[in-house]
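Okay, structure first, notes after.
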């Protein structure tokens, strides 16, 4: 059995509240740790979305493109033209585009893409051999 769109949608529905609850809660008490875990979840989410839309694409290619796109998005936070600022002023714009450049976001993007690759590789293997130990 191959992974279906439903498997990816269920995974996406599970990772979104996890990422947001970690990033925006005060439960961990360490803002840097919350930001790192939130970035990891964001990368995994992007990997799931990309795999949903490109199910036959190489997982390595997806991981590289997701990481590169996230890094470009981070760098774009240094560019603040009025049209981007108006988008970033909205909740969705802030969540998707971000509003503050942080160099420390780059390592979690790489690690998150790697974790997304591992998770998707596992999911694909599990769907091909669902009863393997």
Among residues of the range 92-103, those that are surrounded by 11 or more Cβ atoms within 10 Å (Cβ to Cβ) and assigned to a helix (DSSP H, G or I), counted: 5
Looking only at the range 104-125, and only at residues there that are free of Cβ contacts under 8 Å to residues at least 24 places away in the same chain and more than 16 Å from the chain's Cα centre (by Cα), the one that is surrounded by the fewest Cβ atoms within 10 Å (Cβ to Cβ): 122
Single unsatisfied condition, residue 52 versus (1) part of a helix (DSSP H, G or I); (2) at pLDDT 90 or above; (3) surrounded by fewer than 23 Cβ atoms within 10 Å (Cβ to Cβ): (2)
Number of positions in the range 59-84 that are touching a helix residue (DSSP H, G or I) at 6+ places or on another chain (Cβ under 9 Å) and either part of a loop (DSSP other than H, G, I, E, B) or more than 30 Å from residue 122 (Cβ to Cβ) (or both): 4
Selection from the range 105-133 of residues that are farther than 22 Å from residue 65 by Cβ and either modelled with pLDDT of 90 or more or not in a helix (DSSP H, G or I) (or both): 129, 130, 131, 132, 133
Meets criteria (buried (at least 17 other Cβ atoms within 10 Å of the Cβ) and over 12 Å from the mean Cα position of the chain (by Cα)) for residue 76: no
Flag if residue 68 is surrounded by fewer than 19 Cβ atoms within 10 Å (Cβ to Cβ) and under 16 Å from the mean Cα position of the chain (by Cα): yes
Some residue of the range 1-18 being more than 22 Å from residue 126 (Cβ to Cβ), in contact with a helix residue (DSSP H, G or I) (Cβ under 7 Å, 6 or more places away or on another chain) and in a helix (DSSP H, G or I): no
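The values are calculated or read from the model by the stated rules, or taken from the named source; none is laboratory data. Small disclaimer: the values here were computed from a predicted structure and weren't measured. Neighbour counts are summed over all protein chains in view; Cβ atoms, including those assigned to glycine, are modelled from backbone coordinates with ideal geometry.
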